[in-house]
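Novice: Please see the structure below; I have some questions.
Read-outs: derived from the displayed coordinates by stated rules, not from any lab. What you are looking at is a predicted structure, and each value in this text was computed from that prediction instead of being measured. Ideal geometry is used to build each Cβ from the backbone, glycine not excepted, and the neighbour counts take in all protein chains shown.
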Amino acid sequence: MAKGKKKEMLLVGSKTKEALKGSGKNTFNVSSETLDALNEYVYWLVDQAQKKCAANGRKTIRPYDVLAS
């Protein structure tokens with residue numbers, strides 16, 4: 001992807017922020033850049049899963065391709 005262009009958001013922002021905030025005594029603030037950072041990480045996980053799948057000669061990405069990244 002070209003520099004300067006934002007990648008499509010793969011996360012549901014409101015749900016992700018809600019999960020990050022926590023509840024009760026352990027409540028956190030979530031900065032505006034946090035969702036972008038998590039989105040980048042998800043893109044990285046997808047890329048790693050695709051590479052692992054291809055390296056194993058498969059066309060189907062399995063849960064362990066993602067979890068092993």
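Novice: To the nearest 10 degrees, how steep is helix 34-55 against the longest Cα principal axis of the chain, on a 0 to 90 scale?
Specialist: Once rounded, the angle reads 20 degrees.
Novice: Tell me the trypsin sites (Lys or Arg not before Pro) within the chain that lie in a loop according to DSSP and have at most 14 other beta-carbon atoms within 10 Å.
Specialist: On the way: sites: 3, 5, 6, 7, 15, 17, 21, 25, 51, 52, 58, 59; in loops: 3, 5, 6, 7, 25, 58, 59.
Hits after loop and neighbour filter: 3, 5, 6, 7, 25, 58, 59.
Novice: How many lysine pairs are close in the chain, with Cα atoms under 27 Å apart and the two 8 or more places apart or on different chains?
Specialist: 21
Novice: Where in the stretch 6-69 are there chymotrypsin sites (Phe, Trp or Tyr not before Pro) that are in a DSSP coil and have at most 13 other Cβ atoms within 10 angstrom of their Cβ? Can you show the working numbers first?
Specialist: Numbers: sites: 28, 41, 43, 44, 64; in loops: 28.
In loop regions of the stretch 6-69 (DSSP not H, G, I, E or B), the sparsely surrounded chymotrypsin sites (Phe, Trp or Tyr not before Pro) are 28.
Novice: Still on this structure, I have one more. In 5 Å bins starting at zero, report the fraction of Cα pairs in the chain per bin as a rounded %.
Specialist: All Cα pairs, binned at 5 Å, distribute as 3, 15, 18, 17, 17, 15, 9, 4, 2, 0 percent.
Novice: Remind me, relative contact order of the chain in percent, using alpha carbon pairs under 8 angstrom and six or more residues apart? Before the final figure, lay out the partial values.
Specialist: Working: 36 pairs, mean separation 15.8, N = 69.
Relative CO of the chain lands at 23 percent.
Novice: Only four residue types carry charge here, +1 at the Cβ of Lys and Arg and -1 at the Cβ of Asp and Glu. Report the dipole size of the chain about the Cα centre in Debye, rounded to the nearest 20. Intermediate results must be reported in sequence, preceding the final value.
Specialist: Details: 13 positive and 7 negative charges, 37 e Å.
Computed about the Cα centre, the dipole is about 180 debye.
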